[in-house]
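See below for the structure under consideration.
Read-outs throughout are calculated quantities, based only on the coordinates presented, and are distinct from any laboratory measurement. Everything numeric here is computed off the predicted structure, so don't read it as measured data. We place every Cβ from the backbone using ideal geometry, glycine too, and count neighbours over all the protein chains shown.
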Amino acid sequence: MTTAFKPDYASPPGDTLAETIEFLGMTQTELARRMSRPLKTINEIIQGKAAITADTALELERVLGTPAHVWMNLETYYREHLARLRATEKMEVDEDWLGCLPVKDMQSRGWVPQTKDPRKIMEDMLVFFGCATAGGWIEAWKVPVAAYRKSPKLQSKPEALAAWLRKAELEGRKQFCNPYNEGAFTKALERLRKVTTRPVGEWSSTIREECNACGVAYVILPELPGTHASGAARQINEDCFLIVQTGRYKDDGHFWFTFFHEARHVLQGKLKREWLVEYEGKEDALEADANLFAREFLIPTEQIHAMRDKHAGKMPKAAGKELASKLGIAEGIVAGRFHFDRIWHPSFGNDLKRRYKIDELGAADAITAP
């Protein structure tokens, strides 16, 4: 997450006022006289003991020529800074909560600032997740995220998954998307089938361009340790959906199956404002439908039967390559489907798959996943 620079200091507007009247060759007494204010009031403003009100700002504009909004902005920033310092000093650090969060991973990836100050870390985590308290985080993230842990093999850490989903959401909201159009999205998916044969470096940018035009944000975000997710989808506002992939498994078959699986979740119209997260071993009605869609959209079963009949009931490697060419898709997708359907032994045909590194996908996360 790109974080705006926030210095840990702020000068009272009185410092600027003192410098201004000195530059103009004016004393505090003369300023007080021109403003018809007690000298004590002017002195307290300069010392930061009294605030500059809107009326005072207007009077300073008339006397000194500096616009009233400049004085008001200086005052607002200074008072905000003091309030923030007080809030930080009073903040109770929830060490148990912070201990569960993947703080170091988030810091190393630049999602939050680098710091060892517990209070600052507490503040950074709350800001990142968009929550005012750790209790609010539990309600907004841990409770719903815990429901995603469906895989009997890979139990995810809800805190890591929540951080990954939140980062994906933040990245997705940066993209400009047209209002969602189901018909346009369906046509875009047809075009994206052909993209599977392009170089790896073109995948994500092309998917993003096509999706954004139809009202779907698209993000590649490597998983955090303990996430164990391939992809996820949700609705981020009334007119826009979001698809995110981790790129795990690092071969074209898994990558494209995951994308079309998540695309189906968008088409199902059941996302609302809740995440649907893809896990190995997770199988409910929506997941079964998404799996079926991805398989059949990429390789219709009747095409497999036809190719097998053409080769006298056998399916040599040449038949897999021929099927990929006929459908206009990557050979690795065919190999992945044949492995899943147990047409080929898991050790056969792997040379048809294209392997990649996460950074080749143009991921939103600058850190390359291991």
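Rg and Dmax of the range 35-97, based on Cα coordinates, read 16.3, 57 Å.
Roughly speaking, what % of Cα-Cα pairs in the range 219-346 are separated by over 21 Å, rounded to a whole number? Taking all Cα-Cα pairs of the range 219-346, the fraction more than 21 Å apart is 44 percent. Using Cβ point charges alone (K and R +1, D and E -1), the dipole size of the chain about the Cα centre works out to roughly 1040 debye.
Here is the P(r) of the range 1-107: all C-alpha pair distances, binned every 5 Å from 0, give 2, 11, 17, 19, 13, 9, 7, 6, 6, 5, 4, 1, 0 in whole percents.
Expressed in Å, the radius of gyration and Dmax of the Cα atoms of the range 95-146 are 10.7, 29.
Between E322 and T53, the simple label model (points 7 Å from Cα in the Cβ direction) yields a spacing of 9.0 nm. Computed from point charges on the beta carbon alone (+1 for Lys and Arg, -1 for Asp and Glu), the dipole magnitude for the range 1-139 about its Cα centre is near 320 Debye. Toward the positive end of the charge dipole of the chain, with +1 on the Cβ of Lys and Arg and -1 on the Cβ of Asp and Glu, the farthest Cα among L165, T227, S11 is that of T227.
Just to check, using Stokes-Einstein with a Kirkwood Rh over alpha carbon pairs, what's the diffusion coefficient of the chain at 20 °C and 1.002 mPa s in µm²/s? Value of D from the Cα-based Kirkwood radius: 88 µm²/s.
Across the chain, the relative contact order, built from alpha-carbon pairs under 8 Å that are at least six residues apart, equals 13 percent. With R₀ fixed at 56 Å, the C-beta to C-beta distance from K174 to E296 puts the FRET efficiency at about 0.95. What the Kirkwood sum gives for the range 184-262 is a hydrodynamic radius of 12.9 Å, with every pair of different alpha carbons counted.
Based on DSSP H segments of at least four residues, each scored -39500 (n - 2.57), the chain has a per-residue ellipticity at 222 nm of -16000 deg cm²/dmol. Applying D = kT/(6 pi eta Rh) to the range 154-370, where Rh is the Kirkwood radius over alpha-carbon pairs, T corresponds to 4 °C and eta to 1.567 mPa s, the Stokes-Einstein value obtained is 73 µm²/s.
Taking R0 as 51 Å, what FRET efficiency do you get between R86 and D289 from their Cβ-Cβ distance, rounded to the nearest 0.05? That pair, R86 with D289, gives E of 0.45. Stretched out straight at 0.36 nm per residue, the stretch from C100 to A140 would grow longer than its current Cα-Cα span by 12.8 nm. Take the Cβ atoms of A312 and D341, set R0 to 22 Å, and the FRET efficiency comes out at 0.75.
Of the chymotrypsin sites (Phe, Trp or Tyr not before Pro) in the range 159-235, the ones in a loop by DSSP (not H, G, I, E or B) with at most 10 other beta carbons within 10 Å are F176.
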